[in-house]
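Here's the structure, in structure tokens; my notes come after.
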Amino acid sequence: MSTHTVKSAQGTVIQDPPIARFLFSDTRMAAFWLVVRVLLGWQWLSSGWGKVQNPAWMDGSGEALRGFWERAVTIPETGRPPISFDWYRDFIQSLLNSEAYTWFAPMIAIGEVLVGIALIIGAFVGIAAFFGAFMNWNFIMAGTASSNALLALAALFLILAWKIAGWYGVDRFLLPRLGTPWRNVEADVTPTTAKQTS
């Protein structure tokens, strides 16, 4: 099997395999990523909106998050603790001790809403998906499996597809203005700069 390389002044660029280019860089897949993006965004928006409307998350007491963290750090007499890693349990305990839940709870609620909106409208899809995956990872580390693993997997795929995931959305117009334009890669590959290697 051979790989296609492109020589440039900055170095050698090894092109992705055809299946990866099709899935993550070809605008023919943009409609698929639109569906994934909107479904994932709706999950974040509905979860965050429920928290934003809940005083236990937004009134400054952080009561809902404090309860979650307290359950997560409690080691039952029998069975496995919700948090498997001691370092992460110590981290959550330090947040509890410093009463960080008072400001952390509203930040999580608003963050979930913002991630949801960004994914739905297709603005900074790769960045929004990263923050969504990061929240999913933290929820999993704190012992809440639920749908977090599946949502994190979808977010990771959106991160890989960041160039086309927002093609039917704001990114199509926003990213080129920020210096991240889409362009036809084949137009940049000339016989003098491309070579086939094995």
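Radius of gyration and Dmax for segment 55-111's Cα atoms, expressed in Å?
Radius of gyration, then largest Cα-Cα span, for segment 55-111: 12.0, 36 Å.
What is the distance in Å between the Cα centres of segment 67-97 and segment 99-148?
Spelled out, the Cα-based centre of one part sits 20 Å from the other.
Please arrange Arg89, Arg172, Arg37 by counting, for each residue, the other beta carbons lying within 10 Å of its beta carbon, fewest first.
Fewest-to-most Cβ neighbours within 10 Å comes out as Arg172, Arg89, Arg37.
Cα-Cα pairs above 27 Å in the chain: how many percent? Don't skip to the end; give the middle numbers.
Working: 8878 of 19503 pairs.
Counting every Cα pair in the chain, those more than 27 Å apart make up 46 percent.
Taking neighbour Cβ counts within 10 Å as the exposure measure, how do Glu99, Glu63 sort from fewest upward? Each step should come with its number before you reach the end.
Values: Glu99 12, Glu63 16.
Result, fewest neighbours first: Glu99, Glu63.
In the Gaussian network model of the chain, springs joining C-alpha atoms below 10 Å, which of Gly169, Gly111, Gly179 carries the largest mean-square fluctuation?
The residue that fluctuates most here is Gly179.
Would you please put 152-164, 117-129 in order of how densely packed they are, using the mean number of other Cβ atoms within 10 angstrom per residue and starting with the highest?
Details: 152-164: 20.0, 117-129: 22.0.
The most tightly packed comes first, giving 117-129, 152-164.
Where a number appears in this text, it was derived from the coordinates with a stated rule and is not lab data. Not measured: the values here are computed from a predicted model. Reconstructed Cβ throughout: ideal geometry from the backbone, glycine too, with neighbour counts over all protein chains shown.
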